[in-house]
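Structure first, commentary second.
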Amino acid sequence: MKCLGLIGGIGWESTALYYRLINESVRSRFGSLYSARLLINSLEFQALDSLVKENRWNDAGAVLADAARTLEKAGADGIVICSNLMHYVAEHVEAAVDIPLLHLGDAVLKELRAARVSHVGLLGTRFTLEHDFLLQRPPAGPQSGRPRKPINVLLPHEGDFAELDQIIYGEVCRGIVRESSRETLLRLGRQLRAQGAQGIVLGSSELGLLLKPDDFAEPIFDSTEVHALAAAKWLIDGKLPMGRAGAMPAETGSRPSKRSATSRPDHG
């Protein structure tokens, strides 16, 4: 079994979820007292959150890159970022180490293609919805045979972004679960289905507290759960979700400038 390095603490609740899901998957596969070989570098959340709020993405990327190097030196064979948002600086991590980064987007895209979903609705915070860092992934390398058709990502109406932020930051991040908020998500899901969505991706770990797999006729893809289970599979058989091998990106500087300094980030 390989050893996986988790960059966590962003926040610690989602890191605990990754830890549980990965270990449950390993035990389910092997039984008895088997558990996953994991190294966790739990970052100090407040300092990193301050960098994000100040729009200092290069500095935030440097923090994660240093965390990844520490895990590599400690013996990790691969890296997982236990956060949706911090995949925004995934290129910094990929450039910092010689071991692969198991990208959340690759894991979700593999699940979508396996389910033959070509049009998917995305629910998350305003920051996640306004940027393309999760599901807009480049090909893993030279492609043979017929090219894969792109997956079209459908979004709620922009007027609903603020309400989604309130549900995630003002409620579920604080342990508050309201039926009215669940109804809002169901309404948004129906609207996405009317736009042609064949499935719904939950782009924030907190949304899984409000929705169940059978809430929609279409499948729900919880990004955190999909990512954790893909990581567990990689621990066992060593195959990356999209065949990526930790290649160095062409550019390792800042992300495109379309980000907004006033957008509140999604840490889950």
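The values are calculated or read from the model by the stated rules, or taken from the named source; none is laboratory data. Being a predicted model, the structure only gives us computed values, none of them experimental. In this analysis, Cβ positions are derived from the backbone assuming ideal geometry, glycine residues included, and neighbour counts consider all displayed protein chains.
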query: Of the residues that make up segment 73-85, is at least one within 17 Å of the chain's Cα centre (by Cα) and part of a helix (DSSP H, G or I)?
result: yes
- prompt: If you go through segment 104-117 one residue at a time, do you hit one that is more than 12 Å from the chain's Cα centre (by Cα), outside any helix (DSSP H, G or I), at pLDDT below 90 and not assigned by TED's automatic domain parsing to the domain that holds residue 78?
  reply: no
message: Checking the structure you have, find out if any residue of segment 45-68 is of a type in the set (Ser, Thr, Tyr) and at positive phi.
response: no
message: Restricting to segment 14-41, count the residues that are of a type outside the set (A, V, I, L, M, F, W, C) and either within 17 Å of residue 70 (Cα to Cα) or touching a Ser or Thr at 6+ places or on another chain (Cβ under 8 Å) (or both).
response: 7
Members of segment 152-186 that are among the aliphatic types (A, V, I, L, M), outside any helix (DSSP H, G or I) and either closer than 30 Å to residue 116 by Cβ or touching a residue at least 40 places away in the same chain (Cβ under 8 Å) (or both): 153, 154, 155
message: Given the options 38, 48, 43, 101, name the one that is farther than 22 Å from residue 134 by Cα and of a type outside the set (Gly, Ala, Ser).
response: 38
